[in-house]
Amino acid sequence: AAAAGLGTDRYGLLGLLHVIRMTEPDLTMLALGTDLTGLGLNLNAPDSLYKVLVSPLADNPVRADLDFAVPSCYKHTPPRLQPGYLAKFKEETLFYIFYSMPQDEAQLIAADELCSRGWWWHKKYRCWFIHAPNNPVVKSAASRSEQGTYLFFDTSIWDVVQKSDVEVFFEDVERPPQLPRNNIAAAAAASGGAGAPGAAAAAGNAAAGAAGAGNVLRQ
């Protein structure tokens, strides 16, 4: 009668007898857990256990020496990012670097490269803008502003949007970083090897394009 009761009352008080007697290994492990020392773990070790524990299903602890080789390319320390390295990047890539790397050195260098191409940062609107080509602006010395058509980079659609009759006050425009660009060719040669002349030419074209923009904001 007792055996019949155990079979019909697995989830009652009689069912606890299987756990107390430890007659079923699976039920015992589920109810009482597993002795971690049986997995080769030293619970008194001062170090963290995750360093030697592979998985609760593993029979042995992890070995100290892992049998894999780190590729040599991962052991290489890249050179520090310098102004001019980003001259060969498209403007969309520069915007991505600027917005995805806040408070990073790459963000400052991307901002410097955008400014060298004629882009300006609006402190009030918190976005990048540039004069629309073939659209003259009207400057006002009294209000220290200018009004015209501009191209704004809209992060919500990740595209350039043209806006007309926009008045821009000089005090709302962030000053360019003006990072030193004396050794752009040498920096490009160190990073790109045979592609250095192309990078230096791209940097020169970018600077020339910014200088020839004409109606660049000046205070």
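The values are calculated or read from the model by the stated rules, or taken from the named source; none is laboratory data. No experiment lies behind these values; they were computed from the predicted model shown. Virtual Cβ from ideal backbone geometry, glycine too; neighbours counted across all protein chains shown. To get the accessible areas, we keep the full protein, side chains included, count just its heavy atoms, and leave off ligands, DNA and RNA. Shrake-Rupley method; radii C 1.70, N 1.55, O 1.52, S 1.80 Å.
Is it true that some residue in the stretch 111-123 is open to solvent by less than 30 Å² (accessible area, probe 1.4 Å), within 18 Å of LEU179 (Cα to Cα) and part of a strand (DSSP E or B)? Scanning the stretch 111-123, I find at least one residue that is open to solvent by less than 30 Å² (accessible area, probe 1.4 Å), within 18 Å of LEU179 (Cα to Cα) and part of a strand (DSSP E or B), so the answer is yes.
To keep it simple, each residue is scored yes or no on (1) modelled with pLDDT under 95; (2) crowded, with 16+ Cβ neighbours inside 10 Å; (3) hydrophobic (A, V, I, L, M, F, W, C).
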site	(1), (2), (3)
ARG144	yes, no, no
ASP154	no, no, no
VAL166	yes, yes, yes
GLN178	yes, no, no
ARG181	yes, yes, no
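For the stretch 149-175, the set of residues classified as assigned to a strand (DSSP E or B) and in contact with a Lys or Arg (Cβ under 9 Å, 6 or more places away or on another chain) consists of THR149, TYR150, LEU151, PHE152, PHE169, VAL173, listed by residue number.
Step by step: first the residues of the stretch 66-92, then only those that are open to solvent by 60 Å² or more (accessible area, probe 1.4 Å) and within 16 Å of ARG117 (Cα to Cα), then the one that is farthest from the chain's Cα centre (by Cα). Which residue is that? Selected residue: LYS88. Looking at the stretch 129-139, can you tell me whether even one residue there is assigned to a loop (DSSP other than H, G, I, E, B) and either of a type in the set (Gly, Ala, Ser) or under 23 Å from the mean Cα position of the chain (by Cα) (or both)? Looking for residues that are assigned to a loop (DSSP other than H, G, I, E, B) and either of a type in the set (Gly, Ala, Ser) or under 23 Å from the mean Cα position of the chain (by Cα) (or both), one finds at least one in the stretch 129-139, hence yes.
Annotation note: Cβ proximity below 7 Å between a residue of the stretch 116-145 that is in contact (Cβ under 8 Å) with a residue 12 or more places away in the chain and a residue that is outside any strand (DSSP E or B) and open to solvent by 100 Å² or more (accessible area, probe 1.4 Å) (sequence gap 6+ or interchain) occurs for ARG144/GLU171.
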